[in-house]
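To start, the structure itself, in structure tokens.
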Amino acid sequence: MQAGDLAGREELFRGFGRAWFKADMGLLYQVVTPDFTWAGLDEAGQPRRLKGAEAIAAELAAMRARAELRFSDVAYHHLPDLTVMTFRLRETPRDGGPAREYEGVELYSFRDGLICLKDVFRKPAGD
């Protein structure tokens, strides 16, 4: 898979999405670089940078343990060296608390035809 052309980029994101939804690190590391970084903010709003299959798998498990996640209005905007993904996210806490809606942007960078960085930004919807 190559990130340089549109078809290759879309194939990368299909693979990335399958890996993310299955929490399958073997699939994930077919479409990301060995030093892939997942950056963003933690639940307290503090910067975090996840690296390595173990850390990413633990974060995915924690996210799913906290809430059911439903993405909608997902759109990819491909630029020559960057892809921007926009989305809406509904989190329904597993503890019975009220659901929360977010709007977000993810920035993806590439190296050697693979995704090397996912940088996540989100805010409560309507803010």
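Take GLU11 and tell me if it is acidic (Asp, Glu) and closer than 30 Å to ALA99 by Cβ. Judged against the criteria, GLU11 is not a match. Checked against (1) modelled with pLDDT of 95 or more; (2) closer than 19 Å to TRP38 by Cβ, GLU101 passes all but condition (2). Taken over segment 75-86, the criterion of being surrounded by 14 or more Cβ atoms within 10 Å (Cβ to Cβ) and either more than 22 Å from ARG111 (Cα to Cα) or hydroxyl-bearing (Ser, Thr, Tyr) (or both) is satisfied by TYR76, THR83. Where strands (runs of 3 or more DSSP E) fall entirely within segment 19-127, those with at least 3 residues that are within 28 Å of LEU6 (Cα to Cα), among the charged types (D, E, K, R) and under 12 Å from the mean Cα position of the chain (by Cα) are at 114-124.
In contact with a strand residue (DSSP E or B) (Cβ under 7 Å, 6 or more places away or on another chain), exposed (fewer than 13 other Cβ atoms within 10 Å of the Cβ), farther than 19 Å from GLU59 by Cβ and among the acidic types (Asp, Glu): is that true of ASP112 in this structure? Break it down into steps so the answer makes sense when it comes.
Values: in contact with a strand residue (DSSP E or B) (Cβ under 7 Å, 6 or more places away or on another chain): yes; exposed (fewer than 13 other Cβ atoms within 10 Å of the Cβ): yes; farther than 19 Å from GLU59 by Cβ: yes; among the acidic types (Asp, Glu): yes.
Judged against the criteria, ASP112 is a match.
Within segment 30-54, residues that are farther than 16 Å from ARG111 by Cα have Cβ atoms under 8 Å from residues that are in a helix (DSSP H, G or I) in these pairs: LEU50/ILE56; LEU50/GLU59; ALA53/MET25; ALA53/LEU28; ALA53/TYR29, counting only partners at least 6 apart in sequence or on another chain. A count restricted to segment 70-118 and to residues that are over 23 Å from TYR29 (Cα atoms) and of a type in the set (D, E, K, R) stands at 10.
The values are calculated or read from the model by the stated rules, or taken from the named source; none is laboratory data. Source: prediction; values computed, not measured. With ideal geometry, Cβ positions are generated from the backbone for all residues, glycine too; neighbour counts draw on all protein chains shown.
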